[in-house]
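Let me begin by presenting the structure, written as structure tokens, before commenting on it.
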Amino acid sequence: MSGNTFGTLYCVTSFGESHGPAYGGVVDGCPPGLELSAADLQQELDRRKPGSSRHVTQRRETDTVEILSGIFEGRTTGTAIGFLVRNEDQRSKDYAEIARKFRPGHADYTYWQKYGLRDARGGGRASARETVVRVAAGAIAKKWLAGRYGVTVRGYLAQLGPHRIAFKDWQAVNTNPFFAPDAGAVAALEQYMDRLRASGDSCGARVNVVAQGVPVGWGEPVYGRLDADIAAAMMSINAVKGVEIGAGFAAVEQQGSEHGDEMTPQGFLSNNNGGVLGGISSGQDVTVSIALKPTSSIRLPRRTIDVEGKAASVETTGRHDPCVGIRATPIAEAMLACVLMDHALRHRAQCGDVTPPTTPV
């Protein structure tokens, strides 16, 4: 299998399966001298880990990270940073019934057709548990971006199924299991998820991510566009089916007089372009929104076929997220941070000695 590495200068490679011994990652390109410890990665991994509330999978994983290389006396050395997160709570027997059937909407079918075999335990390589590597790599990128450029990357749940969540304040996001930016909305979200879980069905979600403090100039026009790389990174997250930068599809209904972000000596008057113009960061907040589909593993019986192509019915038991979007916020943050760090390094390599002729707005 190819396609396990992303990034140009800040490169992340992952390996592992959901019910294998461990997941692991290698980060290439982190500059030397960054203060870094396992605790920096663990803080982010704890935000993503399963079993954190009754509304997500009850698989019990500590997601304890072990840093294997690239750190000496508490600082990065500039060499490859290798790390490992061991799997501790696999229940492979839960997947015995679906080993020869394909879950509708799941990668079971495409993996089988492409490779001629598949690891049915927890989805194998297709499991969203692979995102543990992205979150660890994103923790490194977040710390470097904040220390070097003052960039902050944060996200929140903007919609859970039919429930749209108004943004109230950042302080609320990490105080509830949904990453909801409105503490007053949590009770309704809990009631909705309790009903959904009892019904055996699942739902989708929308997550918004914002990078503040991004300097003007990151990104390469045409094929190395910042927004294109962000979109590709977000679409690589399990279950993501849509990505918007700035106004996104709302731009269809806007007119040019509304969509174009007017400028004054004091700054931009709007941010419909999501902080990216012509593939290059404008110095505004970089804003991204992703849509995640409903979980494919549900208890309700559904029509499908088996590995012999015969008609069958499948229902999934075991431990699954009724909404993968609930734990997607730290994952989306990590992917945005990785892309921004990659472009920061690329910009520094080519244009690091350029003095902008106009004071950034």
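The values are calculated or read from the model by the stated rules, or taken from the named source; none is laboratory data. For clarity, every value in this text was computed on a predicted model and none was experimentally measured. Glycine gets a Cβ as well: all are built from the backbone with ideal geometry, and neighbour counts include every protein chain shown.
A few remarks follow.
- Failed criterion for ALA146 (all others in (1) farther than 30 Å from GLN212 by Cβ; (2) surrounded by fewer than 18 Cβ atoms within 10 Å (Cβ to Cβ) hold): (1)
- When ILE298, ILE290, ILE326 are screened for being at pLDDT below 95 and touching a Gly at 6+ places or on another chain (Cβ under 7 Å), only ILE298 passes.
A quick yes/no check of all residues on (1) part of a loop (DSSP other than H, G, I, E, B); (2) in contact (Cβ under 8 Å) with a residue 12 or more places away in the chain:
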site	(1), (2)
VAL133	no, yes
ALA136	no, yes
LYS143	no, yes
LEU157	no, yes
LYS168	yes, yes
ARG195	no, no
ASP201	yes, yes
ARG206	no, yes
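- Where a residue in the stretch 320-333 is touching a residue at least 40 places away in the same chain (Cβ under 8 Å) and its partner, wherever it lies, is polar (S, T, N, Q) and in a helix (DSSP H, G or I), with Cβ under 7 Å and at least six apart: ILE331/THR131
- Per-region count, the stretch 165-193, residues surrounded by fewer than 16 Cβ atoms within 10 Å (Cβ to Cβ) and under 20 Å from the mean Cα position of the chain (by Cα): 4
- Residue in the stretch 41-63 that is among the hydroxyl-bearing types (Ser, Thr, Tyr) and modelled with pLDDT of 95 or more present: no
- Any pair with Cβ under 9 angstrom, 6 or more apart, that starts in the stretch 100-126 at a residue that is over 21 Å from LEU292 (Cβ atoms) and ends at one that is β-branched (Val, Ile, Thr) and in a helix (DSSP H, G or I): ALA120/ILE98
- For the stretch 113-131, filtered to residues that are more than 23 Å from VAL339 (Cβ to Cβ) and not in a helix (DSSP H, G or I), the residue that is modelled with the lowest pLDDT is ALA120.
- Counted residues, the stretch 308-353 - those being in a helix (DSSP H, G or I) and either at positive phi or of a type in the set (A, V, I, L, M, F, W, C) (or both): 16
- Verdict on ASP227 being acidic (Asp, Glu), touching a residue at least 40 places away in the same chain (Cβ under 8 Å) and surrounded by 16 or more Cβ atoms within 10 Å (Cβ to Cβ): yes
- Residues located in the stretch 1-48, provided they are of a type in the set (Val, Ile, Thr) and either loosely packed, with under 14 Cβ neighbours inside 10 Å or more than 23 Å from LEU345 (Cβ to Cβ) (or both): THR5
- The listed residue being surrounded by 17 or more Cβ atoms within 10 Å (Cβ to Cβ) and either of a type outside the set (Phe, Trp, Tyr) or out of contact with any Pro (no Cβ under 8 Å at 6 or more places or on another chain) (or both), out of ILE305, ILE290: ILE290
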